[in-house]
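Below is one structure, written out as C-alpha cells; comments come after it.
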Amino acid sequence: MSLEQSVEALRYLGLFSNLDASSVMSTAVYALHPEDRVAAARLLMREKSISGVPIVDADFRLVGLISVSKIIEALADGRLADSVDSVMTRDVISLHAHDSFETILSSFQRFKFGRFPVVGEDGKLVGMITDTDVLSAIIRSFYSVYVHDQRRTITLGSFSALSKEFENSADFVYDISCTGLENAGEGSARLKAYLQNKGFGESVVRRASVCAYEAEINVCIHAGGHGSLRAIARNGEITVRVEDEGPGIENIDLAMKEGWSTATDAIRELGFGAGMGLPNIRRFSDHLVIISGKDKPTKVEMIFLESKE
C-alpha cells in the first residue's frame, strides 16, 4: 500500500480526528540563533542529517530558517563566516501546534517542503514535522485499530470501520456504571432480554450477549467502571458498541492474545481478568472493530448476523 493509499484509508476510517501537529511533531529540535555562523548551520545539518535548521531569538520564538539551498549559496559566495541572520529565510511557513492532520498533509502537498517548524500560540518553536513524522503517525494510527471480519476481503475496501447510526440513534442504550464487579454484567443481561423480545434467535442472542458481557466487564476492570453499551438490532443484524473513557489499550494486537491481561492480582482472585475477554469477542462476533490507543478512549464494535446461524 502506498503512502497516498494509506492516507486515503485512514481518512475513510476516520482515524485522523485525534491527530494534530502536537501529536505528530518531533520535540527533539535543533535550532540556532541569528548571530550564529553559517558554518555552524552547515555542520549541524551534516551531523544530524537534516535539511533545514530553524532560527530562534533569545525567547525561542521562530524568526527564520536556513535550508540546504541557502548553505550552498553561502558556500558559493564564500560567506560561511557570516551570521545566519544574513542568509536565512525570514518569511517562514510554519504550522501551529493545534493544526489538524488534514492541515499538515495539505501543507506538505502544497509547498513540497521536507519539514515544517511548529510553533505554539506565543510564536515559540515547539517542534518540527518531517515527512517521516507524518508516515510514523499514519503507522501508529493503523496500529490503533483492530479489525476482524469473516468477510475480511471486503471489510477494508467497502465497510465502514464504525457504524455511523450510533451518532444519531440506537435501539438500545445502557450507561455502564460499575461501583464494583458484583453488579457488572447488568447491561448485557438487559441487552439479552431486549434482543429476545425483538424476536432474534437463541444462538445469535447468546453470542451478542456474551460479547457484550465481556466488553462490559472490561469497562468495569480497566476503565473505572464508566462507559456506555448501545445496540442497533434490525433486519437480522445486531450491532453492539461499547465505549469508555479509560486509559486505552496501548497494544491491541497483544491484548487480543489469549491469556494476556493487565488485571491486578485482586481482580484475578475474584475470578476475572483471565485475558480471554477480547479473544472471546473475536471468536463469537462476525465483525469486530476496536479503536483505542494509550491514553485514548476505547471503542469496541461488534456485529452479529442471524443469517450465519
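By the scheme Lys and Arg +1, Asp and Glu -1, what is the net charge of all other residues having a beta-carbon under 13 Å from that of Ser67? Once all neighbours under 13 Å are counted, the net charge is +3. Of all lysines in the structure, those lying under 20 Å Cα to Cα from Lys112, and not within fewer than 8 positions of it along the same chain, are Lys70.
Between Arg90 and Ser203, the C-beta separation translates, for a Förster distance of 51 Å, into a calculated FRET efficiency of about 0.15. Between beta-carbons, use under 12 Å as the cut-off and find the net charge around Glu258, counting Lys and Arg +1, Asp and Glu -1. Residues close to Glu258 contribute a combined charge of +3.
Between Phe200 and any residue 5 or more places off or on another chain, the built amide H atoms are never under 5 Å apart. Using a probe of 1.4 angstrom, how much of the accessible area of region 3-135 is carbon and sulfur, in percent? It is 50 percent, rounded to a whole number. Heavy atoms of the protein chains alone define the surface here; on that basis region 69-145 has 53 Å² accessible area per residue at 1.4 Å probe size. For region 62-76, backbone phi angles converted through the Karplus equation (6.51, -1.76, 1.60; θ = phi - 60°) give residue-by-residue couplings of 6, 10, x, 8, 10, 10, 4, 4, 5, 5, 4, 4, 5, 4, 4 Hz, Gly and Pro being listed as x.
The values are calculated or read from the model by the stated rules, or taken from the named source; none is laboratory data. Source: prediction; values computed, not measured. Positions of Cβ are generated from backbone atoms using ideal geometry, with glycine treated the same way; all protein chains shown enter the neighbour counts. For the accessible areas, the whole protein counts, side chains as well, though only heavy atoms, and no ligand, DNA or RNA atoms are used. Shrake-Rupley method; radii C 1.70, N 1.55, O 1.52, S 1.80 Å.
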